[in-house]
Structures are given as C-alpha cells and as structure tokens.
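What follows is a single structure, written as structure tokens, with notes after it.
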Amino acid sequence: MDDLAQAAEKVATLMRLLTTTGGFRLKYRITAGAGAVDPDGFERRDIYVECKGPDTEILLGSDGELLRALEHVSAKMLRLEPEDHDRISFDANGYKAARARALRDAADEAIDEVEDTGEPFRFQPMNSRERRMLHLFLRDSGLQTASSGEGPRRFVVLYPEGYRIPPERPYSSSDRRDRPRRRPSPNRY
C-alpha cells in the first residue's frame, strides 16, 4: 500500500457502494496514515474505518464477522499480501476496543489460574487477530503460549513455566468428518 490516499479512496468507494446500492444505514469515517490507530490503542493501522449508525448491529453480529469480512474484502481489493491484511481495520461502536479489553481481562485471569493450578489453560477459538493480541498480552507473564487447532477452531493455550508443550497433532485420516467432501469431476466418464 504505497499510496495511502489512493487506498483510502478505494475503501471509501466500497463503503459508498454498501451504503447506497447495498442499502446499509451507516456513516463512516476513514482515517489513513499517522492518525489511523485502533481505539484500543493497541496497534497503528495504515487505514482505519469507523462505522456508526442504525445498521452497526449487523456489522457486529456473530462476534463482528461482517467487520472482519469487510477487512478481508478491502485487503483483497487493495491487493495486500496475507501478512499485511492487518494494515486495514474496521470498527463499529468501539466494538474492537471493548473486545481488546475483554481479551486482556481473560489473559489476566488465565495467568492467575495457570499459576495457581500449574495446569495449561485453553482459550476459546478466535480469529487470527485476536489470537495475536492474546499472545502479546500474555508475552510478559513469563508463561508460554501456543496456538492449536485448525481454521475457525484455532485457539490459544497458556502453559505453566517449564511445561513441555506437546507438538501440534498433524491432520490424520481419522479427521475425515472435518474435511469437505470432494465431488466427482463432471468431466469424468
């Protein structure tokens, strides 16, 4: 994303499309460059889009799934490499700041529990951005963290100090029920 102004204009075009043709009742503010900081203050973004209005609840449904989808579509539209997808961020009604506070609180509680019990603590599955935040919140605890699982079921585990982290179990044929079924090729006779 070499030209932030041009990238921000492309995102604005997407938002205009959503609010006119798509019928979403939203107001949005796009900040690019130095001022593009998530409201939680956690990270600086190249482009930050803040949404408000009657339809923000639609964006926040299913734990902000549509917000993440807008980020993904925008990153693809801007032709960002996967490792650069977090350079653009969408938020509505301070959802992400509240979620960051909840993750920090969960991290603090997990640290206490692991130190008290000496047992690993498994967090609920979450998206990659939230897992990354959780790893960073837990970094200074002196405890070990690792991500485990696959796809939308991927989660963070917090391990006690000195705990030998088991290697992640590779995918096996016994996991068949989790794989998508292959359809026969229409070109096969």
For Val114, all conditions in the list (1) assigned to a helix (DSSP H, G or I); (2) open to solvent by 40 Å² or more (accessible area, probe 1.4 Å) hold save one; what is the number of the exception? (2)
Tell me, please, whether a residue that is farther than 21 Å from Lys27 by Cα, under 12 Å from the mean Cα position of the chain (by Cα) and free of Cβ contacts under 8 Å to residues at least 24 places away in the same chain can be found in segment 69-76. no
Counting only residues that are closer than 20 Å to Ile58 by Cα and open to solvent by 50 Å² or more (accessible area, probe 1.4 Å), segment 85-94 contains a total of 1
Selection from segment 57-77 of residues surrounded by 20 or more Cβ atoms within 10 Å (Cβ to Cβ) and either more than 19 Å from Glu130 (Cβ to Cβ) or polar (S, T, N, Q) (or both) yields Ser74
Tally of residues being open to solvent by less than 30 Å² (accessible area, probe 1.4 Å) and of a type in the set (Gly, Ala, Ser) across segment 95-111: 4
If a residue has to be in a helix (DSSP H, G or I), out of contact with any strand residue (DSSP E or B) (no Cβ under 8 Å at 6 or more places or on another chain) and closer than 26 Å to Leu70 by Cβ to count, how many in segment 117-138 make the cut? 7
Hey, Asp63 hits all of (1) modelled with pLDDT under 85; (2) touching a Gly at 6+ places or on another chain (Cβ under 8 Å) but one; which does it fall short on? (2)
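The values are calculated or read from the model by the stated rules, or taken from the named source; none is laboratory data. No experiment lies behind these values; they were computed from the predicted model shown. Don't worry about glycine lacking a Cβ; one is built from the backbone with ideal geometry, like all the others, and counts go over all protein chains shown. In case anyone asks, the SASA skips ligands and DNA or RNA and just uses the protein heavy atoms, side chains included. Shrake-Rupley method; radii C 1.70, N 1.55, O 1.52, S 1.80 Å.
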